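I have placed the structure first, in the form of structure tokens, so that the comments after it can refer back to it.
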Amino acid sequence: MDWAVFVVAGIATLVGALGVVTCRNPVHSALMLVMTLFGIAVLFVEQDAHFLAAVQVIVYAGAVVVLFLFVIMLLGVETNEDLHKDPLRGQRPAAIALGLLMLLEVLLLVRSNWVTGAPSTAGAARSADQTNVEVLSRSLFTRYLLPFEATSVLLLIAVVGAVVLARRPTRAELADINEDDPDLVTAE
Amino acid sequence: MPLELPRVEWATILPETILVVGAMLILLGGALLRRRLPAWVWTVASIIIAAGAMVSAWDLWRRVSHNHQGGAHTAIANAVVVDGFSVYFALLTCGAVILAALMADSYLRRERLNAPEFHVLMLLSASGALLMAAANDLIVIFLGLEVLSIALYVLAGFAQRRAVSREAAMKYFVLGAFSSAIFLYGVALAYGATGSTNLGEIAAFLRASVSTHAVLLGAFAFLIVGLGFKIAAVPFHMWTPDVYQGSPTPVTGFMAAVAKAAGFAALLRIFFSTFGTHRLDWQPLIWALAVLSILVGSVLAVVQTDVKRMLAYSSISHAGYILIGLQAATVRGLAGSLFYLLAYTFMVLGSFGIVTLVARDGDARTGLDAYRGLGQRRPGLALVFTVLLLAQAGVPLTSGFLAKFYVISAAVEAHSYALAIIAMLAAVIAAFFYLRVIVVMYMAGDEADTADADPIRVPFGAGLSLAVSVVATVIIGTILAGPAFDFARHASILRL
């Protein structure tokens, strides 16, 4: 059973990943990415990492990809860009070499018994009487209570900062700007 | 299984809470009020909030300092620690916020920038600095660092109509994010080597094991690099001149004072207190950083023609002097570093305050030429700047002299003679460029400059903050030298 779920999810993940890089239409690429992320979420569930699976779906498949789609659809994509020329010379060979190196490392780490789909025994994803979500929420609300709350300040700053930096100057402010001064640049 | 929530001792994080809640109130007020209030209202609000945080910190100080070490304790599931050290930095940071808010008041009006958002970001940034100083967990330190830095990235680009300001924000953001990532990697390695991110647990682990595993040494290196960026120590100083020059000048003053103090708070707590048992492993690194910062900062400052850039390099060399105290790794060295930070806060805020006023409209006139003949045009301003520059150079009867004296004597006491000699020689080089600005100010100005259409005005708020800075610099160096040093000496770190 484990094995069957693993194979199906694995195939979905890999097909999606290949699709992301091979699709010509960027919208299709983004949708392929969703498939990959869902596949990974299923793999997480299989490893009893339920919280991680939920976050994977909500944050990555839900928010991040939707953001990608927004950008693609609102801004459009340069279609006449030559995809066969690398922006950085030697980018492709270097990427392939690094990828192979990573694969080799993973193979070395797992040695022989891979593709079993059995839940991992390393780490404390779950204990005898507590699920993964319970363990995680326990540490969030006890040991890491203050850091958890402090991140909310971080989000507040991000919102204020985005508004401050993205705000367009009002007409009165634009009139102030001296055209002759090269240092002053008008927002478009 | 029932969940046992940790006790939240609100009093211990009251200064941070006041800053954050106050910032949110300003934000709400700015958004909800139909009518645009004059800018000074927000300045006053910001000062009241910072003063409130200061009062609550003072209350903590009394509690902590009265019964020696008995008052110091950890709180909220060991995430924060209330000791003289954290409260000292809270008081310092809140003082810097008040001075910077006074300085920014006229600047914001002059440049027609939005006042509420500016004060909100400054208060939130200060709350991050407080959190960093009070943190008892590497994760809390990291969060404090991010709260501090992200608000500062935005503040650096606050004068967004000026291209240099946006460039400064971008540069600061990219390099700052990079250094945060390095710091985080150091945290991960420290966790790997010791099995905890809690400073108390790390210290307990290190006391029990004398081995120096490569992972632990890696953690030292990465933590030093990550925090080295924040305190602008050479060789991680590359961003400093550009960012200090491009940012709005009051922000530069705030950044130079608070970001550096917070970086040092984390550095001192992590290395002096937590990794204190392994000092032989990290002392050489700090030694090299201190020497490089002092020398490179002093030498490169000599060739600058822009006063803002010159002050940026001088702040790099100040970071080197403060590192001397950490390198000594003694109680005296710690007190020296803390005293230096106290003196430095007033000196640097005052200096950048003067630069704000002299730069005038568009924050443009920061070159050395703008100071030509300042002694005739604005004798008072020139005198204040002279005192602040002499203090930075370390001339006796100012706080800067005592600050340098304490850290160097701590180095001598710890038998770091080479470091002490290098520091004294560099102080001589540094005196040259401070004196050059003073000479330029008292030289006869050009006729064209004296008949400037845009005279230098000293608004009330900025004048007040300059007066406080210069008076503090002088009396900490003379009458109040003893109490000020005692203040720094009592700001001890709770040993866990």
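Residues of the range B:377-403 with the amide nitrogen closer than 20 Å to a label point 7 Å from the Cα of residue B:486, along Cα-to-Cβ, please.
Residues B:399, B:402-403 qualify, since their backbone N sits under 20 Å from the label point.
By accessible area of protein heavy atoms, probe 1.4 Å, what ranking do A:13, B:305 get, highest first?
B:305, A:13
Using the beta-carbon distance between residue A:155 and residue B:418 and R0 = 56 Å, what value does 1/(1 + (r/R0)^6) give for FRET efficiency, to the nearest 0.05?
With R0 = 56 Å, the Cβ-Cβ based efficiency is 0.70.
Counting only protein heavy atoms, what percent of the accessible surface of the range B:1-122 is carbon or sulfur at a 1.4 Å probe?
Carbon-and-sulfur percentage of accessible area, whole number: 65.
Pulled fully out, how much extra length does the chain show between residue B:211 and residue B:369, if you take 0.36 nm times their separation in residues and subtract their Cα-Cα distance?
51.1 nm
So how do A:105, B:111 rank on accessible area, 1.4 Å probe, biggest first, that is with the largest at the start?
A:105, B:111
Give me, ordered by chain and number, the residues 5 or more places off residue B:137 or on other chains with an amide H under 5 Å from its own placed amide H.
B:199
Between the alpha-carbon centers of the range B:416-435 and the range A:46-68, tell me the distance in whole angstrom.
56 Å
Along the positive direction of the dipole of chain B (beta-carbon charges: Lys, Arg +1; Asp, Glu -1; about the Cα centre), which of B:406, B:292, B:208 reaches farthest?
Of B:406, B:292, B:208, it is B:406.
Taking the Cα centre of the protein assembly as shown as the origin and placing charges on Cβ (Lys, Arg +1; Asp, Glu -1), which of A:10, B:232, B:2 is farthest toward the positive end of the dipole?
B:232
Threshold 10 Å², probe 1.4 Å: give the residues of the range B:1-39, in number order, that are less accessible with all protein chains present than with their chain alone.
Residues losing area: B:1, B:3, B:4, B:5, B:6, B:8, B:13, B:20, B:24, B:27.
Roughly how big is the protein assembly as shown's charge dipole about its Cα centre, with Cβ charges of +1 (Lys, Arg) and -1 (Asp, Glu), in debye to the nearest 20?
That gives a dipole near 880 debye.
From Cα pairs below 8 angstrom and at least 6 apart in sequence, can you work out the relative contact order of the range B:10-493, rounded to a whole percent?
Normalised by residue count, the contact order of the range B:10-493 is 15 percent.
With every protein chain left in place, what is the accessible area of residue B:152 in Å² (1.4 Å probe, nearest 10)?
For residue B:152, solvent-accessible area is about 0 Å².
Assuming R0 = 60 Å, can you tell me the calculated FRET efficiency for the pair residue B:397 and residue A:88, based on Cβ-Cβ distance, to the nearest 0.05?
Result of the calculation: an efficiency of 0.55.
Per DSSP H run of at least 4 residues, take -39500 (n - 2.57); add these up for the protein assembly as shown, divide by its residues and hand me the 222 nm value, nearest 500 deg cm²/dmol.
-23500 deg cm²/dmol
Gain in length, residue B:443 to residue B:177, computed as 0.36 nm per residue apart minus the alpha-carbon separation, to one decimal in nm?
91.4 nm
Under a crude label model (7 Å from the Cα following the beta-carbon direction), how far is residue B:25 from residue B:73 in nanometres?
Going from the residue B:25 label point to the residue B:73 one covers 2.8 nm.
To the nearest hundred square angstrom, how large is the accessible surface buried between B and A, total for both chains, probe 1.4 angstrom?
3100 Å²
With every protein chain kept in place and ligands, DNA and RNA left out, what is the accessible area per residue of the range B:109-212? Probe 1.4 Å, answer in Å².
Ligands and nucleic acids excluded, the figure is 31 Å² per residue.
Given Cβ point charges of +1 (Lys, Arg) and -1 (Asp, Glu) and nothing else, what value in debye, to the nearest 20, does the dipole of the range B:230-352 about its Cα centre take?
200 debye
Fully extended, how many nm does the chain gain between residue A:135 and residue A:105 (0.36 nm per residue separation, minus their Cα-Cα distance)?
Net length gain for the segment: 7.7 nm.
Once a ≥ b ≥ c are taken as the square roots of the eigenvalues of the Cα gyration tensor of the range A:1-77, is the result rounded (a/c under 1.5), prolate (a/b larger than b/c) or oblate (a/b not larger than b/c)?
oblate
The values are calculated or read from the model by the stated rules, or taken from the named source; none is laboratory data. Just so you know, these numbers come straight off a predicted model, no measurement behind them. Counting neighbours? That spans all protein chains shown, and the Cβs are built from the backbone with ideal geometry, glycine included. The protein model used for the area step is the full one, side chains on, heavy atoms only, and it has no ligands, DNA or RNA in it. Shrake-Rupley method; radii C 1.70, N 1.55, O 1.52, S 1.80 Å.
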